[in-house]
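Notes follow the structure.
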Amino acid sequence: MAAGCPVLEGFDPLAPEFLADPYAVLAGLPREAPVFYAPSIGYYVITRYADIEQVFRDPGSYSAAAAQVPLVPLVAEAQEILLAGGHRPQPSMVSLDEPAHARLRKPAARAFSVTRIQAMTPSIEATAAALLDAVAGQAEFDLVAALAFPLPANIVFSLMGVPEEDYGQLKRWCGYRAALGWGRPAPGDQVEIATSMAAYRRYLRDLVELRAAQPGDDLTSDLLAIHREDPGRLTREEISSILFSLSFAGHETTTGLIGNTLRRLLEDPARWARVAGQPDLIPAAVEETLRYDPSVPVWRRVTTRPVTIGGVDLPEGAKLFLWLAAGGRDGAVFTDPDTFDLDRRNAGQHLAFGLGLHYCLGANLGRLETRLALEELAQRYPRLRLAGDQEFTFHPNISFRGPQTLRVRP
Ligand code: HEM
């Protein structure tokens, strides 16, 4: 532990009261300690916008290697299953530093050009409409199960070129992946999740082989074209690693963003009425949600040398808990930060997609899916409201946050 760094014994981001309302915990923290050590997780917590920005902008001093490391050590059996399934300690691009990171990011980025993302609009609209048709006429339904979960899953699987009949299986394998790296799962659960993860990675390797034999109009086939041009530039194993990154990063993150945006709009009926009457406000609602209640509230880094951050000296190897959601509530950047404000001019300055070399590759896709989902809902249900008597629950992990269910009445 670094000398001179404040220690907050009681801070535990997996405690039930934190999961229920992290912003109440944030409001109660001592202001004079914007950087503190949390023994519950062994991380230094960074809360100020400027300090988080400093970390993201300096990849030489702050390595991404901590991004996916299990928060608690896994039991040996789970580790063996993961290794045997090809899930290495640095499992994918988001936790690699240069030059290994760029080898994967550059080819993957081709799939995320603005034109390519825009071209997905009709299929996202059609998927959202079909999902909502399935619950039409019901007096009450859960928006997460009906729309926020299946929409991003279906879109990312179709982008990858997964045959539609496999979607159900993939969704089952993907459930609660977040627990393994970002939660405190019990040993039995670790083994179960590790088994699903290994099966999923095997599936992705087989998918690469399938698309090599039967190319289609999808990302896997595009990546294989790069491989055929120059196998040394991108191996088949790397293609399956890219697919793993995208399907993981492009799934629960967006479910959470759709859920959080709807929650924040519906909790004030006047807000929903305003947005439904003026749908061109939807992009602003999405940005304000990313600032006020982001679906990836925390990301991680580890220092590669001694550094000073927020006035605190930290040694090499210090693990950092970058509290992106706290950065969104920083009064030095956002006026009246605890108010959800559809008219806020600088909401888009949030840190919800990270910054710099690892800046979220799917930011525009996630925004587009959320906007189109909201447009479809606003058009169908201008008087949508939250069902009474519901307490929101959140999956116990540090980095992926959104209500697990959101019951509404049309
Ligand atoms: C919509 C909600 C989303 C949020 C809040 C989000 C957030 C983030 C964050 C915080 C990072 C880490 C940035 C860093 O280390 O600087 C990241 C990276 C990444 N995201 Fe997203 N993401 C979202 C959606 C998506 C989608 C839809 C995809 C793709 C289909 C995606 C793909 C990625 C990838 C591939 C990376 C790693 C980039 C790299 O390491 O270079 N994300 N995202």
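What's the number of the only condition in (1) modelled with pLDDT under 95; (2) within 16 Å of the ligand (Cβ to nearest atom); (3) of a type in the set (Gly, Ala, Ser) that Gly388 fails to meet?
Unmet for Gly388, out of (1) modelled with pLDDT under 95; (2) within 16 Å of the ligand (Cβ to nearest atom); (3) of a type in the set (Gly, Ala, Ser): (2).
I'm trying to understand the selection: among the residues of region 213-243, which are part of a helix (DSSP H, G or I), closer than 19 Å to Glu165 by Cα and open to solvent by less than 70 Å² (accessible area, probe 1.4 Å)?
Kept after step one, since they are part of a helix (DSSP H, G or I), are these residues of region 213-243: 213, 219-229, 236-243.
Still in the list and also closer than 19 Å to Glu165 by Cα: 213, 219-221, 243.
Result: Leu219, Thr220, Ser221, Leu243.
If you take the residues in region 9-42 that are aromatic (Phe, Trp, Tyr) and closer than 15 Å to Ala325 by Cβ, which one is nearest to the ligand (Cβ to nearest atom)? Lay out the reasoning, then the answer.
Our first condition is that a residue be aromatic (Phe, Trp, Tyr); within region 9-42, this holds for 11, 18, 23, 36-37.
Filter once more, so that each one left must be closer than 15 Å to Ala325 by Cβ: 11, 18, 23.
Values: Phe11: 21, Phe18: 19, Tyr23: 17 Å.
Of everything passing the filter in region 9-42, Tyr23 is nearest to the ligand (Cβ to nearest atom).
Given the structure, is Asp293 open to solvent by less than 10 Å² (accessible area, probe 1.4 Å) and charged (D, E, K, R)? Give the steps one after another, and end with the answer.
On the way: open to solvent by less than 10 Å² (accessible area, probe 1.4 Å): yes; charged (D, E, K, R): yes.
So Asp293 fits the description; yes.
Exactly one of these conditions fails for Leu265: (1) in a helix (DSSP H, G or I); (2) open to solvent by 20 Å² or more (accessible area, probe 1.4 Å); (3) more than 10 Å from the ligand (Cβ to nearest atom). Give me its number.
(2) is the only condition that Leu265 fails.
Just to be sure, is Thr308 in contact (Cβ under 8 Å) with a residue 60 or more places away in the chain and away from the ligand (no atom under 14 Å from the Cβ)? Don't jump to the end; show me each part of the working.
On the way: in contact (Cβ under 8 Å) with a residue 60 or more places away in the chain: no; away from the ligand (no atom under 14 Å from the Cβ): yes.
Against the criterion (in contact (Cβ under 8 Å) with a residue 60 or more places away in the chain and away from the ligand (no atom under 14 Å from the Cβ)), Thr308 does not qualify.
Working carefully through the options Ala249, Ala285, Ala326, find the one that is closer than 24 Å to Cys360 by Cα, within 22 Å of the chain's Cα centre (by Cα), of a type outside the set (S, T, N, Q) and open to solvent by 20 Å² or more (accessible area, probe 1.4 Å). Before the answer, list the steps.
Numbers: Ala285 fails: open to solvent by 20 Å² or more (accessible area, probe 1.4 Å); Ala326 fails: open to solvent by 20 Å² or more (accessible area, probe 1.4 Å).
That would be Ala249, the only listed residue that is closer than 24 Å to Cys360 by Cα, within 22 Å of the chain's Cα centre (by Cα), of a type outside the set (S, T, N, Q) and open to solvent by 20 Å² or more (accessible area, probe 1.4 Å).
For residues in region 356-392 being in a loop (DSSP other than H, G, I, E, B) and under 30 Å from Ala64 (Cβ atoms), which is most open to solvent (accessible area, probe 1.4 Å)?
Tyr359
Could you tell me which residue of region 130-143 is surrounded by the fewest Cβ atoms within 10 Å (Cβ to Cβ), considering only residues that are in contact with a Lys or Arg (Cβ under 9 Å, 6 or more places away or on another chain) and closer than 20 Å to Val156 by Cα?
Selected residue: Leu132.
Among the residues in region 312-322, are any within 22 Å of the chain's Cα centre (by Cα), in contact (Cβ under 8 Å) with a residue 24 or more places away in the chain and open to solvent by 20 Å² or more (accessible area, probe 1.4 Å)?
The first filter runs over region 312-322 and keeps only residues within 22 Å of the chain's Cα centre (by Cα), leaving 319-322.
Still in the list and also in contact (Cβ under 8 Å) with a residue 24 or more places away in the chain: 319-322.
Right, trim to open to solvent by 20 Å² or more (accessible area, probe 1.4 Å) and you get 319.
Yes, region 312-322 contains a residue that is within 22 Å of the chain's Cα centre (by Cα), in contact (Cβ under 8 Å) with a residue 24 or more places away in the chain and open to solvent by 20 Å² or more (accessible area, probe 1.4 Å).
The values are calculated or read from the model by the stated rules, or taken from the named source; none is laboratory data. In this text the structure is predicted, and so the values were computed from the model without any measurement. Glycine also receives a Cβ, built like all others from the backbone with ideal geometry; neighbour counts cover every protein chain displayed. Just the protein is used for accessible areas: all its heavy atoms, side chains included, with ligands, DNA and RNA removed. Shrake-Rupley method; radii C 1.70, N 1.55, O 1.52, S 1.80 Å.
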